[in-house]
1. Within segment 83-90, can one find any residue that is of a type in the set (S, T, N, Q) and modelled with pLDDT of 85 or more?
2. Across segment 12-47, what is the total count of residues that are part of a loop (DSSP other than H, G, I, E, B) and at pLDDT 70 or above?
3. Right, Lys173: out of contact with any Gly (no Cβ under 6 Å at 6 or more places or on another chain) and in a helix (DSSP H, G or I) or not?
4. So which of Ala154, Ala137 ends up being in a helix (DSSP H, G or I) and either at pLDDT below 95 or not small (Gly, Ala, Ser) (or both)?
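The values are calculated or read from the model by the stated rules, or taken from the named source; none is laboratory data. None of the values given here were measured: they were computed from a predicted structure. Every residue, glycine as well, gets a Cβ built from its backbone with ideal geometry; the counts of neighbours run over all protein chains shown.
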Amino acid sequence: MPKGGRKGGHKGRARQYTSPEEIGAQLQAEKQKAREEEEQGEEGGDGAAGDPKKEKMSLDSDESEDEEDDYQQKRKGVEGLIGIENPNRVAQTTKKVTQLDLDGPKELSRREREEIEKQKAKERYMKMHLAEKTEQAKADLARLAIIRKQREEAARKKEEERKAKDDAALSGKRMQLLSLNK
């Protein structure tokens, strides 16, 4: 009994392989048959009188395209019998290049509009900030003024301490000189 409950594969039967020569011979026979049919069609008249397929081929290209479109739009199975229309479905229409409106204003999405508004607001704020009209700019200037005063005072104190050291060192040297001179 085969494994997995599958049916047997007819193990005793001999396998048949088609050789490349046989395949080539079959193709040649099909081509020959097609040629014979064409020759018979040409002898029978103008080539499109007896065969309905050939009549379709002889139609104008516009008419044949319309028929192909109708065939593609036909619904398969029960869909052709039952008329169901989806109100939410939007039929895609193809526009020609001449119909496209490239110069007209483009509608932006909500996110794009918000992004542009945000950038404009930021630019306005920076202009106001540079003109020192915002609260933050005023606070920054006040802080800078305080820091400037503190630095000036620190520099003045350093200068005074340096002068005091120089005076002390100078007076100390004078004392040493006086004591040595005595």
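1. Looking only at segment 83-90, we keep the residues that are of a type in the set (S, T, N, Q), and these are 86, 88.
Of the ones still in play, those that are also modelled with pLDDT of 85 or more are none.
No - not one qualifying residue is present in segment 83-90.
2. Of the residues in segment 12-47, the ones part of a loop (DSSP other than H, G, I, E, B) are 12-19, 44-47.
Narrowing the set further to residues that are at pLDDT 70 or above leaves 12-19.
Qualifying residue count, segment 12-47: 8.
3. Numbers: out of contact with any Gly (no Cβ under 6 Å at 6 or more places or on another chain): yes; in a helix (DSSP H, G or I): yes.
The answer is yes for Lys173.
4. Numbers: Ala154 fails: either at pLDDT below 95 or not small (Gly, Ala, Ser) (or both).
Of the residues listed, the single one that is in a helix (DSSP H, G or I) and either at pLDDT below 95 or not small (Gly, Ala, Ser) (or both) is Ala137.
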